[in-house]
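Nothing in this text is a laboratory measurement; each read-out follows from the coordinates by a stated rule. Note that the structure is a prediction, hence the values are computed from the model and not measured. Cβ: placed from backbone, ideal geometry, glycine included. Neighbour counts: every protein chain shown.
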Amino acid sequence: MARPVVMVRTLTLTTGTKPFNQRGFTLVEIVAAITVVGLVLAIGVPQSLKFYESQQYRAAIRETMTLLNSARHAAIAKAEAQDVEVSPSEKWVRFGDQVTQFDESIDIAVHSAREVNRGSVGVIRFYPEGGASGGGIDITRNDAQVVTIEVDWLVGRVSVDFGHADKK
């Protein structure tokens, strides 16, 4: 009678199994995981910082538009002139007790009527009949992107122009 053939299976890397006494990760697996995490952080962190700065810039523009529109509506509703003050040196825009403070990376410039300005603070005045003194605010980020918020002197309409810095 023929003897049965007994096969002995040896563990190899190709079979995907490890002996019971080898648990955990190999040094190669740990180095590979650390390398992948390092690459993700190297790419992700700078991009998230740019995204955060961009969100702050957009929020400052929205808040400035809101302050100007609030002043226009208040002038019409209260039937008295309302002033929006802009301080380029201190980087804020204020209407009443509402203030938009700009980040250090953002520069602002104001264009307003000299008659209503208060020293180094520019003033855009909204009148009860709906008009305004006119003017605008230039908001610049990193000397590259310029957004101009314009106030029409005739009807007091507030509009925004997403332009770019002039190339020299």
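Summing -39500 (n - 2.57) over the DSSP H runs of n ≥ 4 in the chain and dividing by its residue number, what mean residue ellipticity at 222 nm do you reach, to the nearest 500 deg cm²/dmol?
Values: 1 runs with 52 residues, N = 168.
Only helices count here, giving -11500 deg cm²/dmol.
Take the chain, connect every pair of alpha-carbon atoms lying under 10 Å apart with a spring to form a Gaussian network, then pick out the residue of Ser87, Ser112, Ser48 with the largest mean-square fluctuation.
So, out of Ser87, Ser112, Ser48, the one fluctuating most is Ser48.
How much length is gained on full extension from Glu129 to Ser48, taking 0.36 nm per residue of separation minus their Cα-Cα distance? It would help to have the intermediate numbers written out before the result.
On the way: separation 81, 0.36 × 81 = 29.16 nm, distance 4.57 nm.
Using 0.36 nm per residue and subtracting the Cα-Cα distance, I get 24.6 nm.
Pick from Ile76, Ile61, Ile139: which residue has the top mean-square fluctuation in a GNM of the chain where Cα pairs under 10 Å get a spring?
Of the options given, Ile76 has the highest mean-square fluctuation.
Please provide three numbers in whole Å: the alpha-carbon extents of region 96-147 along the principal axes, with the largest listed first.
37, 22, 22
Compare Arg157, Arg23, Arg114 in a GNM of the chain, Cα atoms joined below 10 Å, and give the one with the largest fluctuation.
It is Arg23.
Please go through region 52-122 and write out the chymotrypsin sites (Phe, Trp or Tyr not before Pro) that DSSP classes as loop and that have at most 11 other C-beta atoms within 10 Å.
Values: sites: Tyr52, Tyr57, Trp92, Phe95, Phe102; in loops: Phe102.
Qualifying residues, ordered by number: none.
What per residue convex hull volume, in Å³, comes out for the chain when only alpha-carbon positions are used? All intermediate terms of the calculation are to be shown ahead of the outcome.
Working: hull volume 44.9 nm³, N = 168.
Per-residue hull volume (Cα only) is 267 Å³.
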